[in-house]
Amino acid sequence: MKITIYTMTHRRFLEPGDSTLYLPLHVGRALGQDLGYQSDNTGPNISAKNDRYGELTGVYWVWKNDLDSDIIGICHYRRFFVDQQRHLLRQSDYERLLNCYEVIVSPGMTADKPYLQYYGEAHNAEDLYSVGRAIKKLYPEDYPLFEQVLNQPKYYYGNLMAARRELFMDYAGWLFAILQEAEKEIDVSSYDLYNRRVFGFLSEQLLLLWITKNQLKVYECPVGLTSEKAETLELKLAVSQLVKNGEIPQARELFYEFLKIRPDVRLELSDIKGEIPVIEQLLYIMQEEQNRGIEGLFQFSAQLGDQIVHYHKVEEALKACSQGQFDSAYKQYFLKNAVSWVMALVILSNSLVGIPDKAAVLEQVRQFYLQNGKAGHAKALEGVQFT
């Protein structure tokens, strides 16, 4: 039995060990430089539409060009199906699972609102209505179920799946017929780079519709993340270099300009270390300290990685302070590392949301500064109130 799990990628990555099972597929090759992988711009393809279809240009290529795989799967360069021990699925795992189930997908997610509303908070909900009109035209029997799927909270993410050949081909034919019809009325000319990948976003809920309409037996498989999103790593690297050079205002400007283009780097599945919110606060702290002529964070270290560790240490100290455990070790850490009133206030205001009496913690910190010859820091904290 031939099983091919296509790993969609737009950049070089650390490939899984089993090269006979996992095949990297360079999506959007028509728009970029050769990565040395199998490309999605050979044979029948829509590679040039990658800016609008995302990883689906790879799915289209597989649909049109894979002629002999018995089982076909779709993963991403950093997202793979794993077992309960977080090990990458092997060929025998796919065979076993698809002897019991008809399709393997990512774990079902549940929004806190109907999917239509959930989608509309991040994208243009009108595009879902365009999809609905395409379904009503091409597959009118599916339209009532489409409305039901939009008005419940469940969804699958990432377009991750694996199925036997016949099912995969049926799904791809159905999917691309709908998307190509909807494309006739969806105008992306005003969308930013992130939202231009509209058809990739729209297809995520269509997978749930297709599974539901066919009453398929589904295995919701754990997904392992092997790395952070490439764009998230790019942002961190660019900010880190500017911070190292002491260009803090430029680092903040780049940070927010990047987020305008790629707001997805903030998402939990993109920023798996949870560092983007911390970096945002660090940049603010450094700029405020510079503006006020305060020695502090940048003098502690010009390395962003060190600053992140330092941030969490100060966070830990302030939490201990709220529990009456601001001991000599924490106090020495504050003094040795020139923790400024700016840093203490920013962390207390933004990070430690569960502390019931922040004012009491702030007063302890103010008294600490006063008792250790830092009258300027103590005075700056006078009269600060939390809303």
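The values are calculated or read from the model by the stated rules, or taken from the named source; none is laboratory data. As the structure is a computational prediction, the values presented were derived from the model and not from experiment. All Cβ positions, even for glycine, are placed from backbone atoms using ideal geometry, and neighbour counts span all protein chains on display.
Taken together, 244, 236 contain a single residue that is among the basic types (Lys, Arg), touching a residue at least 12 places away in the same chain (Cβ under 8 Å) and closer than 26 Å to residue 160 by Cβ, which is 236. Within the stretch 258-279, at least one residue is surrounded by fewer than 18 Cβ atoms within 10 Å (Cβ to Cβ), at pLDDT below 95, in the same structural domain as residue 313 (by TED's automatic domain parsing) and of a type in the set (Gly, Ala, Ser). So for the stretch 25-32 (the condition being more than 22 Å from the chain's Cα centre (by Cα) and β-branched (Val, Ile, Thr)), does at least one residue qualify? There is no residue in the stretch 25-32 that is more than 22 Å from the chain's Cα centre (by Cα) and β-branched (Val, Ile, Thr).
Counting only helices (runs of 4 or more DSSP H) that sit wholly inside the stretch 269-387, not one has at least 3 residues that are over 30 Å from residue 253 (Cβ atoms) and touching an Asp or Glu at 6+ places or on another chain (Cβ under 7 Å).
Screening the stretch 216-234 for residues that are outside any helix (DSSP H, G or I), out of contact with any strand residue (DSSP E or B) (no Cβ under 8 Å at 6 or more places or on another chain) and not basic (Lys, Arg) and picking the one that is nearest to residue 73 (Cα to Cα) gives 227. The number of residues in the stretch 16-66 being among the acidic types (Asp, Glu), surrounded by fewer than 20 Cβ atoms within 10 Å (Cβ to Cβ) and farther than 18 Å from residue 174 by Cβ comes to 3. If we scan the stretch 348-370, do we find a residue that is in the same structural domain as residue 242 (by TED's automatic domain parsing), closer than 30 Å to residue 238 by Cα and crowded, with 21+ Cβ neighbours inside 10 Å? For the stretch 348-370, residues in the same structural domain as residue 242 (by TED's automatic domain parsing), closer than 30 Å to residue 238 by Cα and crowded, with 21+ Cβ neighbours inside 10 Å: present. Would you be able to say whether some residue in the stretch 312-332 is at pLDDT 85 or above, touching a Gly at 6+ places or on another chain (Cβ under 8 Å), surrounded by 14 or more Cβ atoms within 10 Å (Cβ to Cβ) and under 20 Å from residue 294 (Cα atoms)? No, that holds for no residue. Would you pick out the residues in the stretch 1-60 that are touching a residue at least 60 places away in the same chain (Cβ under 8 Å), of a type in the set (A, V, I, L, M) and over 20 Å from residue 233 (Cβ atoms)? Across the stretch 1-60, the qualifying residues are 1, 3, 5, 21, 56, 59.
Tell me yes or no: at least one residue of the stretch 194-216 is touching a residue at least 60 places away in the same chain (Cβ under 8 Å), not hydrophobic (A, V, I, L, M, F, W, C) and not assigned by TED's automatic domain parsing to the domain that holds residue 95. The answer is no; no qualifying residue exists. Checking each residue in the stretch 330-387 for being touching a helix residue (DSSP H, G or I) at 6+ places or on another chain (Cβ under 8 Å) and of a type in the set (Asp, Glu) picks out 357, 382.
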